[in-house]
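The numbers here are math on the coordinates, done by the rules we state, and not lab data. On a predicted model such as this, the values are computed, not experimentally measured, just so you know. As a convention, Cβ positions derive from the backbone with ideal geometry for all residues, glycine included, and neighbour counts pool all protein chains shown.
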Amino acid sequence: MSKQELLDKIAKEIMVCRKCRLWKTRKNAVPGEGNPDAKIMFIGEAPGYWEDVKGKPFVGAAGKFLDTLISILGFSRKEVFIANVLKCRPPGNREPSPDEIKVCTPFLDRQIKVIQPSFIVTLGNYSTSYIFSKAGLSFNGITRAHGKFYETTILDLHVTVFPTFHPAAGLYSGRYKKLLEEDFQLLKIEIMKHG
Ligand code: URA
């Protein structure tokens, strides 16, 4: 099977998943999308209102800002892969619960194994905490972790993890917007070194 076929198979399973309560309130599951051969994979938290309506990741206001940040890297959304920790929207955009994360993240793990990205960019506390735990790294909040490169092994894959803030934070605060833009400038330099 090709990488695309493997990702399609995972997406089909996600679309009919009933492993946690969120299937009852979702309009659409949001498996994630992008280039199966992506060098960079972005991981957000969970679908919001518009993602649930459209079945696609980061299509609301935070998504527009993410597109701008991705363009700093010289990439388009189609060239990278965008996924989330949770594949279904928590009602009212509440925070993901530990049991939801536990049952949903095997899907994310499978996506990472298929794509085999060189860089995993974690957006915000939830995805950073999850990926750090996989890597055996201790996590003390996104404010401390962001803007640094963590060369590590997760799921038998050698990868550089780069945590940054969730793009939604940049919509509320000019300070976070600036920090996000600075982090993406650092990321661009590192990606260019990588070739
Ligand atoms: N916020 C996220 O974390 N993920 C999305 O897909 C949209 C908003």
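Assuming a ≥ b ≥ c are the square roots of the Cα gyration tensor eigenvalues, decide whether segment 2-60 counts as rounded (a/c under 1.5), prolate (otherwise, with a/b larger than b/c) or oblate. Because a/c hits 1.5 or more and a/b fails to exceed b/c, segment 2-60 counts as oblate. Only the Cβ atoms of Lys and Arg (+1) and of Asp and Glu (-1) were treated as charged; on that basis the dipole of the chain about its Cα centre amounts to roughly 500 debye. Under 1.5 on a/c is rounded, so check that first for segment 1-156, then, if it is not, pick prolate when a/b is larger than b/c and oblate when it is not; a ≥ b ≥ c are the square roots of the alpha carbon gyration tensor eigenvalues. The shape class here is rounded. Each peptide among 16-27, 103-114 gets the average number of other Cβ atoms lying within 10 Å of its residues, and from highest to lowest they stand as 103-114, 16-27.
Between SER71 and ASP99, the C-beta separation translates, for a Förster distance of 35 Å, into a calculated FRET efficiency of about 0.45. When the pairs LYS64/LYS193; LYS24/LYS54; LYS102/LYS188; LYS3/LYS24; LYS9/LYS188 are compared against a 25 Å limit on Cα-Cα distance, LYS64/LYS193; LYS102/LYS188; LYS3/LYS24; LYS9/LYS188 fall above it.
Using R₀ = 35 Å, calculate the FRET efficiency as 1/(1 + (r/R₀)^6) where r is the Cβ-Cβ separation of ASP109 and GLU190; round to 0.05. After rounding to 0.05, the efficiency reads 0.90.
The stretch between LYS54 and LYS3, if pulled fully straight at 0.36 nm per residue, gains 16.0 nm over its current Cα-Cα span. As a calculated quantity, the FRET efficiency between ARG18 and TYR172 at R0 = 35 Å, using C-beta atoms, amounts to about 0.55.
Placing unit charges on each Cβ (+1 for Lys and Arg, -1 for Asp and Glu) gives the chain a dipole about its Cα centre, and among ALA29, GLY63, LEU137 the Cα reaching farthest toward its positive end belongs to ALA29. Where only DSSP H runs of four or more residues are counted, the chain gives -14500 deg cm²/dmol as its mean residue ellipticity at 222 nm, each run worth -39500 (n - 2.57). The C-alpha radius of gyration of segment 96-138, expressed as a fraction of 2.2 N^0.38 Å, stands at 1.15.
So in the chain, what percent of DSSP beta bridges are antiparallel if you round to the nearest 5? So the antiparallel bridges amount to about 35 percent of the total.
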